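Undergrad: Can you keep this structure in mind? I'll have questions shortly.
The values are calculated or read from the model by the stated rules, or taken from the named source; none is laboratory data. This one's a predicted model, so the numbers in the text were calculated from it and none came from an experiment. When we count neighbours, we look across all protein chains shown, and the Cβ atoms used for this are built from the backbone with ideal geometry, even at glycine.
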């Protein structure tokens, strides 16, 4: 088996036709935002083939979780998609709660949704800055970080950490909201509404940016479904795949917000979906911030959690798409098998299909708008 | 009116009266070489610092502020660091060309400095084909870039160099055409005469809209020619890591870096000379008093002020715009800039022939 | 018609570029909006929120007494084996032998600040401190003993 | 489409299908030999299961029931009917082989490579079956329950 794979591997990295050039993009490259390794075959500047090589930060989180208890494994999942750590944790606690058939207090549900949406904004902000940097504009990065810092400060005050919060616990959240939380979130909304128009001036309306992204990396609706593309990538191709709308969890079914769907399927559509989602997330936060119900922030749970024998699957919408948590329990205190269906993994698999025939510069635009987070892909 | 002319004249007078003519000429050359080299060093440091400060202000940061007062010595420290670094040469590289390339780029940048008038009567070589010389010599640097890209034996470098070649060759055209429109108006290729022709007003203001269009095209074209963002495809950090100078380190990298900034200075100086009147003070029609006050500002300040304004403009572009794609870069030149500047040249010629300018 | 489209294209392109330049230029002339924090200089004003998780510490009162009974709940809760509790047997005044804390070993280098140990502690003996400057030159310095030498269990804590 | 309709449709196509209805979604057990044709039917016929949202494998070797069993688990849903279906295929742990579905659902290409890498399941006719996350010369399949790596795995 090993010998066979070796031969295939060599054949894949050698130029197969006259005039082809094979370039390694990554694992250390300014545009891959992490340790993604792409082997691209070029004909001049035109891309013939993109072949992702994964595994540079594969930590086998699924294997690690098999030896951690149901309280402990949640913190590890923050390290998968570290930009939407809250939402990853949310998916896990939802799955554990499904197994335990726990009823979550309404206050905890609202807090969870608020945190999810703040995380989504923070994640999209970082994406916006990093994507603009991929396309050669450096300044948006700093503007994006200004708003993101505010969210991080809010998180720091309530959850204790800035990036990998581990704030969700089975049965609710770890602590109650900080007394300043509501005021600071309102301040943030005001700051954000003042600054969001700048984003449009600086990037969205920019003619160079539009030319760089329109018609680049087109993914048709059928292909998007077939490749399992979810989140903004799927929605930009016209697939209705927002888990918050399709399979509402927590309080999402009581909220009014729009599922942003574009039909073009190109990089610009993906960009627009995320920019519009920022405003929808703000809308959700505005609805909830004054209506946080009083009550417990955590349901009563046993000290040692044991899931009944069976299989449990929960789906949540992270900033990048659909995260599935699949727990197989044998009735012990640790999961027998756990599988994370991460959105980035499926989105990345469409990269080759999307970038064939485009230029190197387009590859950066496509990767930028796919919003890849490498630990999410490698797990 | 304060002028450097007296100083340069008196130095020349003293040299020729003390030594024999050959010796005096040699000494003059030596002084100029020293001056130019020192000027290069200082200019590089100042421009890099300026870029970092401008970028920082636009990006709501502070920028360098630790080394020296307000971070003034940051670039000096960086230069010392670069000088002390080991200059690596990759194993598969063509050693001779690899080491030669940064010097070619640097020498090309230095040569263009010759006909630029820094102040009234302060010019190294007032050659009678000054503008032609500038556009001819400035395109030599592309050879250095191609050489660097090829000799590095690195695919990123090669791609960057190829892009750079295509880019400089195409943008030379529209830069040249907009230079020609000023030549048509002033009727001379000599830098000093072009400046003298702007005695009554800068061409930018005298030449109606066509000259403004030519100015805009000139700025775009020279931004592309100096490989600056949004046309920095040859370096294209997020695509080609560092483009043609991926493999360079230490002082050889510093030479590329320095040459980039010197080139910016030169093209902006040319722009200031052609469109904004070089060292000529701002004169407005018949406002005698105003004109008189303007005359009191030294000519070197006028020249440097205009040049640095243009440099700021180019930096402003860099820190605002995303990068173009390589095919868009070429279609911008061939589909938009070149037709517009050709048509524009016709208009300018018409204005010049009919004498419609102010 | 073609000429009109061409000109409007150029016009729209230029205005979109100028809009972007207005944004960055606006920040250039408004240095008040600079958000840089000059970290080591602003240590005095910097105040971290009380929930910030910097490292696990054990609180001792003025009599050098802590509240840790050595029950190892934190050790069990920790996902990374960051905490190791060494217990000893004390003799109470009545002459009975009783398990007590000997050393609370804390590996800061393994800790992910997940707060599970603090949540698990039944006597609130440990808490999170707001320190964050943990870098040291030797990894061994990150191995900490949280209970002070000579400290003992506060009376009344079970 | 309700769960009952879904079940009826499957029974019509394959009367001897084995179901498990304890979980959230309908589970169907399929024989290895039938898998490919069943997958094609799922995708193209009445059910229109065009979205394969999760593909994984479970190693049952630590349970009493399945010393030599690996189970492939496919989670499907249809973007038209929105009814999820779980398909399970039992494999022989010592010689796990199954037909690929990467030609039907493109997302399976990567997911199957991952399963091949971490479980050692061979997908027949897969266009590019190589290790995905581990190096090509890696020995063993880490997500199998008997995988031991004394150097890198720390027992808590």
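Undergrad: From the list B:70, B:53, which residue is over 25 Å from the mean Cα position of the chain (by Cα) and in a helix (DSSP H, G or I)?
TA: The conditions single out B:70.
Undergrad: Any residue that is out of contact with any helix residue (DSSP H, G or I) (no Cβ under 8 Å at 6 or more places or on another chain) and facing another protein chain (nearest Cβ under 8 Å) - is there at least one of those in segment D:131-142?
TA: yes
Undergrad: Just name the residue that is farthest from the other protein chains (Cβ to nearest Cβ) out of those in segment D:93-109 that are touching a helix residue (DSSP H, G or I) at 6+ places or on another chain (Cβ under 9 Å) and assigned to a strand (DSSP E or B).
TA: D:99
Condition check ((1) within 25 Å of the chain's Cα centre (by Cα); (2) touching a residue at least 12 places away in the same chain (Cβ under 8 Å); (3) buried (at least 17 other Cβ atoms within 10 Å of the Cβ); (4) assigned by TED's automatic domain parsing to the domain that holds residue C:130) across all residues:
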site	(1), (2), (3), (4)
C:30	no, no, no, no
C:59	yes, yes, no, yes
C:67	yes, yes, yes, yes
C:84	yes, yes, no, yes
C:106	yes, yes, yes, yes
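Undergrad: Return the residues of segment A:30-53 that are under 21 Å from the mean Cα position of the chain (by Cα), at pLDDT below 85 and either farther than 15 Å from residue A:379 by Cα or facing another protein chain (nearest Cβ under 9 Å) (or both); say none if nothing qualifies.
TA: A:30, A:31, A:32, A:33
Undergrad: Now for a different question. Can you name the condition, by its number, that residue A:263 falls short on among (1) surrounded by fewer than 20 Cβ atoms within 10 Å (Cβ to Cβ); (2) in contact (Cβ under 8 Å) with a residue 24 or more places away in the chain; (3) within 17 Å of the chain's Cα centre (by Cα)?
TA: Single failed check for residue A:263: (3).
Undergrad: Working carefully through the options A:47, A:61, find the one that is farther than 24 Å from residue A:89 by Cβ, surrounded by 17 or more Cβ atoms within 10 Å (Cβ to Cβ) and touching a helix residue (DSSP H, G or I) at 6+ places or on another chain (Cβ under 7 Å).
TA: On inspection, the qualifying residue turns out to be A:47.
Undergrad: Let me ask something else about it. Applying the selection to segment B:18-50, what residues are touching a helix residue (DSSP H, G or I) at 6+ places or on another chain (Cβ under 8 Å) and part of a loop (DSSP other than H, G, I, E, B)?
TA: Once the filter is applied, which keeps residues that are touching a helix residue (DSSP H, G or I) at 6+ places or on another chain (Cβ under 8 Å) and part of a loop (DSSP other than H, G, I, E, B), segment B:18-50 yields only B:19.
Undergrad: Taking the condition in a helix (DSSP H, G or I), touching a residue at least 24 places away in the same chain (Cβ under 8 Å), within 14 Å of chain B (Cβ to nearest Cβ) and at negative phi, does residue A:122 pass?
TA: no
Residues checked against (1) part of a helix (DSSP H, G or I); (2) within 14 Å of chain A (Cβ to nearest Cβ); (3) without any contact (Cβ under 8 Å) to a residue 24 or more places away in the chain; (4) loosely packed, with under 13 Cβ neighbours inside 10 Å:
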{"site": "C:4", "(1), (2), (3), (4)": "yes, no, yes, yes"}
{"site": "C:9", "(1), (2), (3), (4)": "yes, yes, yes, yes"}
{"site": "C:21", "(1), (2), (3), (4)": "yes, yes, yes, no"}
{"site": "C:37", "(1), (2), (3), (4)": "no, yes, yes, yes"}
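Undergrad: How about segment A:141-236: which helices (runs of 4 or more DSSP H) wholly inside it have at least 3 residues that are under 20 Å from the mean Cα position of the chain (by Cα) and more than 11 Å from every other protein chain (Cβ to nearest Cβ)?
TA: A:231-236
Undergrad: For residue A:110, state whether it is closer than 28 Å to residue A:254 by Cα, part of a helix (DSSP H, G or I) and touching a residue at least 12 places away in the same chain (Cβ under 8 Å).
TA: Here the answer is yes, as residue A:110 does meet what is asked.
Undergrad: Here's something else I'd like to know. Considering every residue within segment C:55-68, establish whether at least one is modelled with pLDDT of 85 or more and touching a helix residue (DSSP H, G or I) at 6+ places or on another chain (Cβ under 9 Å).
TA: Yes: segment C:55-68 contains one or more residues that are modelled with pLDDT of 85 or more and touching a helix residue (DSSP H, G or I) at 6+ places or on another chain (Cβ under 9 Å).
Undergrad: A further question on this structure: State all residues of segment A:307-322 that are within 11 Å of another protein chain (Cβ to nearest Cβ) and out of contact with any strand residue (DSSP E or B) (no Cβ under 7 Å at 6 or more places or on another chain); if no residue qualifies, say none.
TA: Across segment A:307-322, the qualifying residue is only A:321.
Undergrad: Looking at A:261, A:304, A:325, A:273 in this structure, which one is touching a strand residue (DSSP E or B) at 6+ places or on another chain (Cβ under 7 Å) and either away from chain D (no Cβ under 14 Å) or not in a helix (DSSP H, G or I) (or both)?
TA: A:325
Undergrad: Taking segment A:328-350 only, how many residues are touching a helix residue (DSSP H, G or I) at 6+ places or on another chain (Cβ under 9 Å), within 7 Å of chain D (Cβ to nearest Cβ) and not in a strand (DSSP E or B)?
TA: Step one: filter segment A:328-350 for residues touching a helix residue (DSSP H, G or I) at 6+ places or on another chain (Cβ under 9 Å), giving A:329, A:334-335, A:337-350.
Next, only the ones that are within 7 Å of chain D (Cβ to nearest Cβ) stay: A:337, A:339, A:341, A:345-346, A:349.
In the following step, the residues that additionally are not in a strand (DSSP E or B) were identified as A:345-346, A:349.
Within segment A:328-350, residues that are touching a helix residue (DSSP H, G or I) at 6+ places or on another chain (Cβ under 9 Å), within 7 Å of chain D (Cβ to nearest Cβ) and not in a strand (DSSP E or B) number 3.
Undergrad: Continuing with this model, one more query. Give the residues of segment A:125-140 that are within 7 Å of chain B (Cβ to nearest Cβ) and farther than 14 Å from residue B:59 by Cβ, sorted by residue number.
TA: Hits for segment A:125-140 are A:134, A:135, A:136.
Undergrad: Pull up segment C:69-82, narrow it to residues that are assigned to a loop (DSSP other than H, G, I, E, B) and touching a helix residue (DSSP H, G or I) at 6+ places or on another chain (Cβ under 9 Å), then point me to the one that is farthest from residue A:66 (Cα to Cα).
TA: It comes out as C:82.
Undergrad: Could you tell me whether any residue of segment D:26-43 is in a loop (DSSP other than H, G, I, E, B), within 12 Å of chain A (Cβ to nearest Cβ), modelled with pLDDT under 85 and over 14 Å from the mean Cα position of the chain (by Cα)?
TA: Checked against the condition, which is being in a loop (DSSP other than H, G, I, E, B), within 12 Å of chain A (Cβ to nearest Cβ), modelled with pLDDT under 85 and over 14 Å from the mean Cα position of the chain (by Cα), segment D:26-43 yields no hits at all.
Undergrad: Right, another one. Restricting attention to helices (runs of 4 or more DSSP H) lying wholly within segment B:244-358, give those where 3 or more residues are without any contact (Cβ under 8 Å) to a residue 40 or more places away in the chain and farther than 26 Å from residue C:9 by Cβ.
TA: Details: elements: B:250-275, B:288-296, B:299-318, B:326-331, B:338-354.
Fully inside segment B:244-358 and qualifying: B:288-296, B:299-318.
Undergrad: So is residue A:241 in contact with a strand residue (DSSP E or B) (Cβ under 7 Å, 6 or more places away or on another chain) and in a loop (DSSP other than H, G, I, E, B) or not?
TA: The answer is yes for residue A:241.
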